[in-house]
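Scroll down for the structure; my scribbles are underneath it.
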Amino acid sequence: MITPIDKRSRAATFRQRLAVAIEAADSNQSALARAAGVDRSTISQLLRDTGPRLPNAQLVAECASALGVSADWLLGLAESPEQASDLVAAALTITKAPRALVDEAIFAWHREAEGYKIRHVPAGLPDMLKSTEMLRWEYEPSLGRTTDQAVGASEDRLNWMREARSDYEIAMPVHNLNAFARGEGYYREVPKELRAGQLDRLEELHDQLYPRLRLHLFDARKIFSAPVTIFGPLLAVLYLGSNYLAFRDNERVDLITDHFDRLVREAEIGSRDFPAFVADLRRAV
């Protein structure tokens, strides 16, 4: 919120910020005058004047554009000097999402958020909880003969993620785990022995890592979620398939965090009941 100030104070703020912007841009009065389409004396007067008068909107906009700052910042109406387009670019990025076990972007975001709580809605089973056999089954069609190397490299990174000082909270639709246990839909070609081993691994890892790792199962008929990962208060990343859509502005990170927290509140199977649920699925395989 901007506190109202009188014209003289605003004019003083403009002169001060204009001088700062010229220095930050490694520019000078003559260069700014040329870029703004005015005489050098006009810029000099703007910087020397001690009265309450401000330049017209056109000149303010030209100076701001030439110096790479926002007109609102020059006038004391904003606290950040970045232009709107730069703020949007910083708040929203689109990153390639290669078909890989743990790609560089995801790993870098995990390292950046070390120590913060990480919330995750996976597209299927969470990669960091998959058995080696499951990883090979799932990624072999796209990785081919490099699968073994990818699994080996992935294990180091996944171990780092598990050992980092971060809590993990994972929410996933209950029908996805049911379909996996039964070998239905996407999982119809997964061998029975592989499914049984994967369920054993889920139960084992939950027992080992709880409460730092908590899993919740929600009913997708009642509430839906796209795949998303929230790295503490730093950023929220939506998985689009071939790209990640990453938000860093507080408003959107808070909004997506609230969405995740609703998934947890409305979960059909909470984290405390997760091991018993998986054990039941395992017995039915």
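The values are calculated or read from the model by the stated rules, or taken from the named source; none is laboratory data. Since the structure is predicted, the reported quantities are computational estimates derived from the model, not experimental observations. A quick note on method: Cβ atoms are made from the backbone with ideal geometry, for glycine too, and the neighbour counts reach across all protein chains shown.
Numbers for the structure displayed
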| item | result |
| --- | --- |
| Residues being free of Cβ contacts under 8 Å to residues at least 24 places away in the same chain and either among the charged types (D, E, K, R) or surrounded by fewer than 16 Cβ atoms within 10 Å (Cβ to Cβ) (or both) - total across region 161-181 | 1 |
| Some residue of region 200-222 being more than 16 Å from residue 129 (Cα to Cα) and touching a Leu at 6+ places or on another chain (Cβ under 8 Å) | yes |
| Residue tally, condition part of a helix (DSSP H, G or I), modelled with pLDDT of 95 or more and under 18 Å from residue 211 (Cα atoms), over region 152-191 | 0 |
| Enumeration of residues in region 204-255 that are within 14 Å of residue 271 (Cβ to Cβ) and among the hydroxyl-bearing types (Ser, Thr, Tyr) | 210 |
| Any hit, region 240-249, residues being more than 8 Å from the chain's Cα centre (by Cα), under 22 Å from residue 175 (Cβ atoms) and either assigned by TED's automatic domain parsing to the domain that holds residue 118 or not polar (S, T, N, Q) (or both) | yes |
| Extreme residue, nearest to residue 184 (Cα to Cα), among residues of region 194-248 that are among the hydroxyl-bearing types (Ser, Thr, Tyr) and in contact with a Ser or Thr (Cβ under 9 Å, 6 or more places away or on another chain) | 239 |
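Yes/no per residue for (1) surrounded by fewer than 15 Cβ atoms within 10 Å (Cβ to Cβ); (2) of a type in the set (S, T, N, Q); (3) free of Cβ contacts under 8 Å to residues at least 60 places away in the same chain:
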site	(1), (2), (3)
222	yes, no, yes
229	no, yes, no
239	no, no, no
244	no, no, no
250	yes, yes, yes
254	yes, no, yes
258	yes, no, yes
262	yes, no, yes
